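Participant: Quick one: structure below, then a few questions.
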Amino acid sequence: MENDVPIISLTTDFGIRNGFVGVMKGVIWGICPHAQIADISHTIAPQDILEGAYTLWRAAPFYPPGSVHIAVVDPGVGTHRRPLGAKLGNQYYISPDNGLLSPLIDDAERNHLETKFISLDNPKYWLPKISRTFHGRDIFSPSGAHLAAGVPLEDLGSVITDPVRFKLSRPLRTSIGWQAHITVVDIFGNLTTDLQSVDILGAPDILFRIAGKEIRGLCESYGHKTPGDLIALVDSEDFIEIAVVNGSANQKLDCKVGDLVEVVVNK
Amino acid sequence: MENDVPIISLTTDFGIRNGFVGVMKGVIWGICPHAQIADISHTIAPQDILEGAYTLWRAAPFYPPGSVHIAVVDPGVGTHRRPLGAKLGNQYYISPDNGLLSPLIDDAERNHLETKFISLDNPKYWLPKISRTFHGRDIFSPSGAHLAAGVPLEDLGSVITDPVRFKLSRPLRTSIGWQAHITVVDIFGNLTTDLQSVDILGAPDILFRIAGKEIRGLCESYGHKTPGDLIALVDSEDFIEIAVVNGSANQKLDCKVGDLVEVVVNK
Amino acid sequence: MENDVPIISLTTDFGIRNGFVGVMKGVIWGICPHAQIADISHTIAPQDILEGAYTLWRAAPFYPPGSVHIAVVDPGVGTHRRPLGAKLGNQYYISPDNGLLSPLIDDAERNHLETKFISLDNPKYWLPKISRTFHGRDIFSPSGAHLAAGVPLEDLGSVITDPVRFKLSRPLRTSIGWQAHITVVDIFGNLTTDLQSVDILGAPDILFRIAGKEIRGLCESYGHKTPGDLIALVDSEDFIEIAVVNGSANQKLDCKVGDLVEVVVNK
């Protein structure tokens, strides 16, 4: 590991009420007691692999080299779906092999980073007893903890080259601009889209149409308009976002992930 | 302590909004700055000692030896109920003496583990000023932190032998099988019962009746049936669980803790 | 720093679902990998500076000397509002300069503690790239992490003397006693007021009027009355609190922050 302090993040749909995440931390610290453990999210919508994938993808790049990200949204637990370990660039990932890492793999390939995939089939790094329904505790946590403690990724199982991936939402070029799509609805009710700011860079005049409303131009930040105003701006990962100042665009527009945003560009 | 890294878990009904748990961590780190602290749950239903007890009982066994579990669901705060310290096997517990540790004490006795109980009446290990309403901050956190930092359990107060305990739900043997009861409703809507898989081991034919519905046979895991199917399976602690594949059994059946599950066994 | 283990607390309105807080921890550990990080709250009502201020103010005094408290409730993100660093007594604070620290500054002045304020305008201690909408990640987390890692507060930017402050709610003296106000509604539904227990100390007879109900006398703690009883008691920070035993005063009385509590004192 590149770090002398092992760092682990957790992303799950396990909720915060029943103690599932606390169990994972007990297992991890039994193996790697010095690990720093951060919660990225445990309130991913149950079994929503897409939301889990986007959430991890937005957070992981801000972690130091050598961090181990354990992500468990796992409708296939107890079936033959493989448990997956991965190295993408200088970060490590542990998850069910169900597409959770798709956006991260895409980015690693686009940026020509190292990619390595392992089926976590070495039971030496699991708990002694494996349940049918809680591999987050029995396989993913111990495998991730051993990795953080210095066990080489390759020792955790067999090399594979075909991790499950899904196609990510991408904006479509149109004759008048772009068809973008909502990819994330956050707790403020802000709507992130799949259109990157670089795609509309330098356009002097731009119009967004969403749910029957029109927004003219890009705003610098929330505080530059009046509370209640519907605005478009560049979000913290350089994607175009639709927001309501001091309010909720989601409440105002009643949108969901996948909904269209039509973008008219006049260069 | 058996560990060179002190490990503490927290289980409360304090919620995550008002900062009560953050205060406890400040107090703990003031005394034992190297302690790893895991949240097991802070959204136990207010004053629900039974839910707190089940939640801690499912999580604690997965912690490394020497861990200190601080659990505070405390409707009697500020009255004469005792603050309790305990050693059960190789783990330590700090809680109000109101039954929160009942399932853990039962298990320790059944497995002939060491049990030791202390009334935390040594104010040397409390905060200097004790409020009437927040012993989680003033007594339980500092006592637990001193314990994690190496103070012997016996120094925290006087030995007692009569901790408060309540009777746990147990399945009843019937002429046709068992009457089981729901013990936990988790955030997926899965319904855990008090019937252990070992109780119905080897039964070739089995039927579950719950809320007017029938489920035939045990399923291996969620992914072995079709989304929406009502199934029975063995949960991650070896109890029988009622679930809906990719859905919520609780929503479908509208059950609550204590509700009956009739089990018909044909050996 | 006074501590050999760096201790950081986080208070935000970022919610727990979208991974914003997990990102902040990744940034912090990239700079100060040994830091202990506690969550005080991430479910402050969106943009509610007042709730954030009260929550941090109740928690911070229980942290060890040298702790760094990062608080981000930031409706003005991306505008010209300054990012603020502060030393108040023996604790450090990092937040937008929008009043979040008001009650802590008031207390520090009243107790004649050291106060020092810095505009965090030294980009050497920011992330290399600054977004318009997530200074919690780009400015506050790295500045706080460098501070916790030993960088002097003064190095983080320019000294200022005019941090933004708002007037806190204070009880009014009346001919018959006090007009107090609700300042916090907690997750149990308890209603904290701005009246301190010292203000009514030694009054032999006291009456509270709230939302058309009357409460006679102060109760020692929740467990001294019957479940369902409406009571007044001294809370864990020595303010007068209105509560329902094993229930929710907020549900019973339907109050909100700012509502009046009339107090009749007969000495």
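Participant: If each of C:Lys167 and A:Asn90 carries a label point 7 Å out from its Cα toward its Cβ, how far apart are those two points in nm?
Facilitator: For C:Lys167 paired with A:Asn90, the spin-label model returns 5.3 nm.
Participant: What translational D, rounded to a whole number of µm²/s, comes out for chain B from Stokes-Einstein when the hydrodynamic radius is the Kirkwood one over Cα pairs, at 37 °C and 0.692 mPa s?
Facilitator: Numbers: Rh = 19.8 Å.
It diffuses with D of about 166 µm²/s by this estimate.
Participant: I've got another one for you. Counting DSSP beta bridges in segment C:1-148, what percent are antiparallel, to the nearest 5?
Facilitator: Values: 11 of 24 bridges.
Here the share of antiparallel DSSP bridges comes out near 45 percent.
Participant: Using 5 Å bins from zero, what percent of all Cα-Cα pairs in segment A:121-177 falls into each bin?
Facilitator: In whole percents, the pair-distance histogram is 4, 15, 17, 16, 14, 8, 6, 5, 4, 6, 4, 1.
Participant: To the nearest 10 degrees, how steep is helix C:49-59 against the longest Cα principal axis of chain C, on a 0 to 90 scale?
Facilitator: 90 degrees
Participant: Moving to a separate point now. Counting only C-alpha contacts under 8 Å and six or more residues apart, can you give the relative contact order of segment B:174-267 as a whole percent?
Facilitator: Working: 202 pairs, mean separation 40.0, N = 94.
Averaging sequence separation for qualifying contacts and normalising by length gives 43 percent for segment B:174-267.
Participant: A further question on this structure: Charges only on Cβ, +1 for Lys and Arg, -1 for Asp and Glu: so what's the dipole of segment A:134-267 about the Cα centre, in debye to the nearest 20?
Facilitator: 420 debye
Participant: Hey, can you grab everything whose amide H is under 5 Å from the amide H of C:Gln47? Only 5+ residues off in sequence or another chain; H modelled, so Pro and N-termini drop out.
Facilitator: C:Asp74
Participant: In Å, what Kirkwood hydrodynamic radius results for the protein assembly as shown from the alpha-carbon pair distances? Provide the component values of the computation, followed by the final result.
Facilitator: Details: mean 1/r = 0.0356 Å⁻¹.
Averaging 1/r across every pair of different Cα atoms and inverting gives 28.1 Å.
Participant: Here's a follow-up. If you count the DSSP beta bridges with both ends in the protein assembly as shown, what percent of them are antiparallel, to the nearest 5? Present the calculation step by step, with values, prior to reporting the outcome.
Facilitator: Values: 123 of 165 bridges.
About 75 percent, rounded to the nearest 5.
Participant: Evaluate the relative contact order of segment A:103-168 (contact order divided by residue number), counting alpha-carbon pairs under 8 angstrom at least 6 apart; express in whole percent.
Facilitator: Values: 54 pairs, mean separation 27.3, N = 66.
Rounded, it is 41 percent for segment A:103-168.
Participant: Taking the Cα centre of each part, how many Å lie between segment A:1-72 and segment A:128-191?
Facilitator: Here the answer is 11 Å between Cα centres.
Participant: Something else now. Show that you can apply the helix-only estimate: for chain B, add -39,500 (n - 2.57) for every DSSP H stretch of four or more residues, divide by all residues, and state [θ] at 222 nm to the nearest 500. Walk me through the intermediate numbers first.
Facilitator: Numbers: 5 runs with 45 residues, N = 267.
Calculated from helices alone, the mean residue ellipticity at 222 nm is -5000 deg cm²/dmol.
Participant: Quick one: which residues, 5 or more positions from A:Ile160 or on another chain, have an amide H under 5 Å from its amide H? H modelled 1.01 Å from N in the peptide plane, none for Pro or chain starts.
Facilitator: It is A:Phe117, A:Ile118, A:Ser119, by chain and number.
Participant: Oh, and also: Spelling out what I want: for every residue of segment B:219-230, take phi, set θ = phi - 60°, compute 6.51 cos²θ - 1.76 cosθ + 1.60 (Karplus), and round to whole Hz; glycine and proline get x.
Facilitator: Taking θ as phi minus 60°, the curve returns 9, 5, 7, 4, x, 8, 10, 8, x, x, 5, 8 Hz for segment B:219-230.
Participant: Which net charge results when you count Lys and Arg as +1 and Asp and Glu as -1 among the other residues whose beta-carbon is under 13 Å from that of B:Ser131? Each step should come with its number before you reach the end.
Facilitator: On the way: positive: B:Lys129, B:Arg132, B:Arg137, C:Arg58; negative: B:Asp74, B:Asp138, C:Glu220, C:Asp235, C:Glu237, C:Asp238, C:Glu241.
Net charge in that neighbourhood comes out at -3.
Participant: May I ask you to list the lysines whose Cα is less than 22 Å away from that of C:Lys256, ignoring any residue fewer than eight positions away on the same chain?
Facilitator: Straight-distance partners of C:Lys256: C:Lys167, C:Lys213.
Participant: Near the amide H of C:Thr183, under 5 Å away, which other amide H atoms are found, from residues 5 or more places off or on another chain, if H is placed in the peptide plane?
Facilitator: Residues meeting the amide H criterion: C:Thr192, C:Thr193, C:Asp194, C:Gly258.
Participant: How long are the semi-axes of the equivalent ellipsoid of segment C:54-95, taking √(5λ) for every eigenvalue λ of the Cα gyration tensor, in whole Å from largest down?
Facilitator: 22, 12, 6
Participant: Would you mind putting A:72-80, A:222-230 in packing order, based on average other-beta-carbon counts within 10 Å, highest first? Show your work: numbers first, answer last.
Facilitator: Numbers: A:72-80: 20.6, A:222-230: 15.8.
By packing density, highest mean first, the sequence is A:72-80, A:222-230.
Participant: Among A:40-53, B:112-125, A:149-162, A:19-32, what's the highest-first ranking by average C-beta atoms within 10 angstrom per residue? It would help to have the intermediate numbers written out before the result.
Facilitator: Working: A:40-53: 21.9, B:112-125: 16.1, A:149-162: 14.2, A:19-32: 25.2.
Going by the mean number of other Cβ atoms within 10 Å, highest first, we get A:19-32, A:40-53, B:112-125, A:149-162.
Participant: Can you give the mean number of other chain Cβ atoms that lie within 10 Å of the Cβ atoms in peptide B:126-139?
Facilitator: Working: counts 0, 1, 0, 2, 1, 6, 10, 13, 3, 2, 1, 3, 2, 0.
Shielding by partners across B:126-139 averages 3.
Participant: Now a separate question. Could you go through segment C:239-255 in sequence order and give the Karplus-derived ³J(HN,Hα) for each residue, using 6.51 cos²θ - 1.76 cosθ + 1.60 with θ = phi - 60°, rounded to whole Hz, and x for Gly and Pro?
Facilitator: Karplus-based 3J(HN,Hα) across segment C:239-255 equals 9, 6, 10, 9, 9, 10, 4, 6, x, 10, 5, 5, 5, 6, 9, 6, 9 Hz.
Participant: Here's another thing I want to ask about it. Work out the charge dipole of the protein assembly as shown with +1 on the Cβ of Lys and Arg and -1 on the Cβ of Asp and Glu about the Cα centre, then indicate which of C:Ser221, B:Gly189, C:Ala108 is farthest towards its positive end.
Facilitator: B:Gly189
Participant: I've got another one for you. Using a 10 Å cut-off on Cβ to Cβ distances, tally the other chain neighbours for every residue of B:107-118 and report the average as a whole number. Please report the intermediate quantities before stating the final value.
Facilitator: Numbers: counts 0, 0, 0, 0, 0, 0, 0, 0, 0, 0, 0, 0.
Taking the mean over all residues of the peptide, I get 0.
Participant: Considering only protein heavy atoms and a 1.4 Å probe, what is the carbon-and-sulfur percentage of the accessible area of the protein assembly as shown? Show your work: numbers first, answer last.
Facilitator: Details: 15850 of 30740 Å².
Looking at the protein assembly as shown in its full context, I get 52 percent from C and S.
Participant: Between C:Asp4 and C:Thr79, 0.36 nm times their residue separation minus their Cα-Cα distance comes to what?
Facilitator: 23.4 nm
Participant: Calculate the translational D of segment C:125-218 in whole µm² s⁻¹ from Stokes-Einstein, where the hydrodynamic radius comes from the Kirkwood formula applied to all Cα pairs, the temperature is 25 °C and the viscosity 0.890 mPa s. Mind showing how you got there, number by number?
Facilitator: Values: Rh = 18.1 Å.
The estimated diffusion coefficient comes to 135 µm²/s.
Participant: When DSSP assigns beta bridges and you keep just the ones with both residues in segment A:21-108, what percent turn out antiparallel, to the nearest 5? Each step should come with its number before you reach the end.
Facilitator: Details: 6 of 9 bridges.
If I count the DSSP bridges inside segment A:21-108, around 65 percent turn out antiparallel.
Participant: Here's another thing I want to ask about it. Convert 20 °C to kelvin, take the viscosity as 1.002 mPa s, use the Kirkwood radius over C-alpha pairs of segment C:189-267 as Rh, and evaluate the Stokes-Einstein diffusion coefficient in µm²/s, rounded to a whole number. Numbers along the way, then the final one.
Facilitator: Values: Rh = 12.6 Å.
Estimated diffusion coefficient is 171 µm²/s.
Participant: Give me a single rounded figure for B:243-253: the average over its residues of other chain Cβ atoms within 10 Å of their Cβ.
Facilitator: Per residue, the number of nearby Cβ atoms from other chains is 1 on average.
Participant: OK, next. Just tell me which aspartates and glutamates come within less than 15 Å, Cα to Cα, of C:Lys124; anything on the same chain fewer than 8 places away is out.
Facilitator: Cα-Cα hits under 15 Å: C:Asp138, C:Glu154, C:Asp155.
Participant: Still on this structure, I have one more. For segment A:115-235, calculate the relative contact order in percent as a whole number, restricting contacts to Cα pairs under 8 Å that are 6 or more residues apart.
Facilitator: Values: 119 pairs, mean separation 19.1, N = 121.
For segment A:115-235, the relative contact order is 16 percent.
Participant: Further question on the same structure: For chain C, what is the charge dipole size about the Cα centre, in debye to the nearest 20, if Lys and Arg each add +1 at the Cβ and Asp and Glu each add -1 at the Cβ? Working shown, then result.
Facilitator: On the way: 23 positive and 31 negative charges, 109 e Å.
Dipole size: approximately 520 debye.
Participant: Of C:Gln47, B:Ile139, A:Ile70, whose Cα points farthest to the positive end of the dipole of the protein assembly as shown (charges on the beta-carbon: +1 Lys, Arg; -1 Asp, Glu; origin at the Cα centre)?
Facilitator: Of C:Gln47, B:Ile139, A:Ile70, it is C:Gln47.
Participant: I want to check the label-to-label distance for B:Asn111 and A:His34. Put each point 7 Å from Cα in the C-beta direction and report it in nm to one decimal.
Facilitator: Rounded to a tenth, the inter-label distance reads 2.9 nm.
Participant: Could I ask something else about it? Indicate the gyration tensor shape class of segment A:18-116 (rounded, prolate or oblate), computed on the Cα atoms with a ≥ b ≥ c the square roots of the eigenvalues: a/c under 1.5 is rounded; otherwise a/b larger than b/c is prolate and the rest oblate.
Facilitator: Numbers: a/c = 1.61, a/b = 1.18, b/c = 1.36.
Oblate is the answer for segment A:18-116, as a/c is 1.5 or above yet b/c matches or exceeds a/b.
Participant: For chain C, modelled as a GNM with alpha-carbon contacts under 10 angstrom, which of C:Asn18, C:Asn250, C:Asn90 fluctuates the most?
Facilitator: Taking springs between Cα atoms under 10 Å, the residue moving most is C:Asn18.
The values are calculated or read from the model by the stated rules, or taken from the named source; none is laboratory data. Because the structure is a prediction, the values reported are computed rather than measured. No Cβ is skipped: glycine too gets one built from the backbone with ideal geometry, and neighbour counts run over all protein chains shown. Heavy atoms of the whole protein, side chains included, go into the accessibility calculation; ligands, DNA and RNA do not. Shrake-Rupley method; radii C 1.70, N 1.55, O 1.52, S 1.80 Å.
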